[in-house]
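The values are calculated or read from the model by the stated rules, or taken from the named source; none is laboratory data. Everything numeric in this text was worked out from a predicted model, so none of it was measured. Reconstructed Cβ throughout: ideal geometry from the backbone, glycine too, with neighbour counts over all protein chains shown.
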Amino acid sequence: MSSAAQRKEEDIPHPLDNVKPENYHDQFKGRHVSSKYINPCEAAAKASMDCMNRHDYVRDKCLDYFQAYRDCKKTWMDERKADRRAGKTTA
C-alpha cells in the first residue's frame, strides 16, 4: 500500500469507534426547541462520507462505516424509546 493510501486510511476513524452515539441529552440541553438536525451519530455519518470521498464513491470499500452508522442510529433510537417508556424526557 502506498504512503498516500495509508495516510488516507489514517485520517478516517475506525468504524467501530463510531458505533456508540454521543449522549443525546447533552446535545438537546439548553435548547428550547428540539431540532431534527441534532444527531448524536454525526461522527459516524461524517466518517462514512469521508470514506466515500477518499475511495471515489466506491460503496463496497465503505460498508463497515455504513454499518457503524446504522448501529449507532439504532442504539440512539433504542435509548430514546427506553427513556420515553421510563417517563424521562427525550429532548
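Given Arg59, Arg84, which one is in contact with a Ser or Thr (Cβ under 9 Å, 6 or more places away or on another chain) and among the basic types (Lys, Arg)?
Exactly one of Arg59, Arg84 is in contact with a Ser or Thr (Cβ under 9 Å, 6 or more places away or on another chain) and among the basic types (Lys, Arg), namely Arg84.
Within the range 22-45, restricting attention to residues that are touching a helix residue (DSSP H, G or I) at 6+ places or on another chain (Cβ under 6 Å) and part of a loop (DSSP other than H, G, I, E, B), which residue is modelled with the lowest pLDDT?
Ile38
For Arg54, indicate whether it is loosely packed, with under 13 Cβ neighbours inside 10 Å, more than 15 Å from Asp17 (Cβ to Cβ) and not acidic (Asp, Glu).
no
For the range 57-78, give me each residue that is surrounded by 13 or more Cβ atoms within 10 Å (Cβ to Cβ) and among the β-branched types (Val, Ile, Thr).
Thr75
Taking interchain pairs and intrachain pairs at least six residues apart, which have beta carbon atoms under 8 angstrom, with the first residue in the range 75-87 and under 21 Å from Asn18 (Cβ atoms) and the second assigned to a helix (DSSP H, G or I)?
That search, which allows pairs on different chains as well, returns Trp76/Tyr24; Glu79/Tyr24; Arg80/Tyr24.
Could you count how many residues in the range 54-84 are outside any helix (DSSP H, G or I) and hydroxyl-bearing (Ser, Thr, Tyr)?
1
Looking at the range 79-88, is at least one residue surrounded by 15 or more Cβ atoms within 10 Å (Cβ to Cβ) and modelled with pLDDT of 95 or more?
No; the residues of the range 79-88 include none that is surrounded by 15 or more Cβ atoms within 10 Å (Cβ to Cβ) and modelled with pLDDT of 95 or more.
For the range 46-77, which residues satisfy the criterion of being over 14 Å from the mean Cα position of the chain (by Cα), of a type outside the set (Ser, Thr, Tyr) and either modelled with pLDDT under 95 or under 17 Å from Asp11 (Cα atoms) (or both)?
Answer for the range 46-77, where residues must be over 14 Å from the mean Cα position of the chain (by Cα), of a type outside the set (Ser, Thr, Tyr) and either modelled with pLDDT under 95 or under 17 Å from Asp11 (Cα atoms) (or both): Met52, Asn53, Arg54, His55, Asp56, Lys61.
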